[in-house]
Amino acid sequence: MFSFFKSKKDPGDSSETPVKSAVESESPPEESISFASKLKQGLSRTRQNLGKQLSGLFGGGKIDEELYEELETILLTSDIGVNATHQLLENLRKQVKRNALTDSIQLKQALKESLITMLEPLAQPLDTTTHKPFVIMITGVNGVGKTTSIGKLAKFFQTQGQSVLLAAGDTFRAAAREQLIAWGERNNVTVIAPDSDPDKKSDPAAVIYDAVNSAKARGIDIVLADTAGRLTTQLHLMEEIKKVKRVIAKAIPDAPHEVLLVLDANTGQNAITQVRAFNDALNVTGLILTKLDGTAKGGVVAAIAGQYPENPPALRFIGVGEGLDDLRPFDAREFVEALLD
Ligand SMILES: Nc1nc2c(ncn2[C@@H]2O[C@H](COP(=O)(O)OP(=O)(O)OP(=O)(O)O)[C@@H](O)[C@H]2O)c(=O)[nH]1
Ligand SMILES: [Mg+2]
């Protein structure tokens, strides 16, 4: 059995989770409009690329095998991946049959609906109210946007009325400590960081352990623990991150309550390899997909969904920029609307 992520949520309770309901009730409409337009702007390269190819195909005419074949080629070259492409086409054929569609002009909406159906299982908002402190460990390969995402998450959770503490568990790069402290200042939250003396090498597990205990003592709601980037092939570093996780559990037995893997949307199909390797090491419970702005490869979301149709990973958040507000819980419909005109 693949011990992957949290189980598929009961579709009935999706609107009941605290994070999502708070987002819907507290975000001013202007903010969501600006995020929707940011998302649209961010996905513009993917959209233009797909749109150009699909407009010819969906311009009117018979729905036949040739059309399906052409569509398959377009999807395969958009980083959607083999599995996702086949699932999408299967769903599309079903819709064509069920709704007795005859003209290719009708296929665009049908493709949108197929994509939404495929991506919806990924939209599992994170409920951070189950534990206090709720400990979130952030992991991923180098430069994917872990530390930046922590800065954005600190802001996000604070706007939900939750208190946050940051743990500077990246003791590998000297600048990492300062980078997290700067995000802490921007958000006005405490950062537990190792000694700044470069001669005193700190242990990442010890820093995060201290931070969790400090959050316990202060009655903080959420701990966001940063970790150093690592390649999945650096086996000693993969062992080190396993140890970090074990040590966190010494501070609170069932912590970390969330292991978030950060993926860079520019990674394309390699994202799947990263998901597998980090999940094997850490039992990843959720994903953040960053840098959706400035990539023509937004299709990687579908590739992730297509890879695990039985047990979809939880795509908790997506990032579309470097600013504090450029992160949002993943919403399948909003995403597809931005991806296809
Ligand atoms: N355009 C864009 N840039 C981003 C996004 N998220 C992060 N970045 C940028 O990506 C670069 C790396 O981000 P970091 O947060 O330092 O990445 P990291 O994973 O912590 O890196 P290491 O700790 O070195 O492994 C920075 O220049 C960020 O501003 C995003 O959603 N969009
Ligand atoms: Mg970092």
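List of remarks:
- Probe 1.4 Å, accessible area per residue of the stretch 106-234, Å²: 39 Å²
- For the stretch 315-341, the residues whose backbone nitrogen is under 16 Å from a point 7 Å from the Cα of LYS40, taken along Cα to Cβ, are 333-341.
- The residues of the stretch 263-327 expose, per residue, 28 Å² of accessible area to a 1.4 Å probe.
- Seen against the Cα atoms of the chain and their longest principal axis, helix 174-187 is set at about 80 degrees.
- Acute angle (nearest 10 degrees) that the helix 107-119 long axis makes with the longest principal axis of the chain, alpha-carbon atoms: 30 degrees
- For the stretch 188-341, a simple Cβ point-charge model (Lys and Arg +1, Asp and Glu -1, everything else neutral) yields a dipole of about 540 debye relative to the Cα centre.
- Averaging the sequence gap over all C-alpha pairs within less than 8 Å and six or more residues apart, then dividing by the number of residues, gives the stretch 193-309 a relative contact order of 22 percent.
- Rounded if a/c under 1.5, otherwise prolate or oblate - the stretch 195-298, Cα gyration tensor axes: prolate
- Span from the the stretch 72-110 Cα centroid across to the the stretch 300-317 one, whole angstrom: 18 Å
- Surface composition of the chain: carbon and sulfur atoms hold 51% of the protein heavy-atom accessible area at a 1.4 Å probe.
- Residues LEU235 and GLU69, FRET efficiency given R0 of 41 Å [Cβ-Cβ distance, rounded to 0.05]: 0.45
- Charge-dipole axis of the stretch 190-274 as Lys and Arg at +1 and Asp and Glu at -1 on Cβ define it, positive-most pick from VAL212, LEU263, THR190: VAL212
- Around the Cα centre of the chain, unit charges on the Cβ atoms of Lys, Arg, Asp and Glu (plus for the first two, minus for the last two) sum to a dipole of about 440 debye.
- Considering helices alone, the calculated mean residue ellipticity of the chain at 222 nm is -15500 deg cm²/dmol, with DSSP H runs of length four and up weighted by -39500 (n - 2.57) and normalised per residue.
- Normalised contact order of the stretch 74-207, rounded percent, pairs of Cα under 8 Å and 6 or more residues apart: 15 percent
- For the chain, the relative contact order comes to 29 percent (Cα pairs under 8 Å, sequence separation of at least 6).
- Centroid-to-centroid separation of the stretch 169-218 and the stretch 144-161 [C-alpha atoms, Å]: 16 Å
- Taking Cα atoms only, the orientation of helix 204-218 departs from the longest principal axis of the chain by about 80 degrees.
The values are calculated or read from the model by the stated rules, or taken from the named source; none is laboratory data. Predicted model, so just to flag it, every value in this text is computed and none were measured. Methodologically, a virtual Cβ is constructed for each residue, glycine included, from the backbone with ideal geometry; neighbour enumeration extends over all protein chains shown. Areas reflect the complete protein model, heavy atoms only, side chains present, ligands, DNA and RNA absent. Shrake-Rupley method; radii C 1.70, N 1.55, O 1.52, S 1.80 Å.
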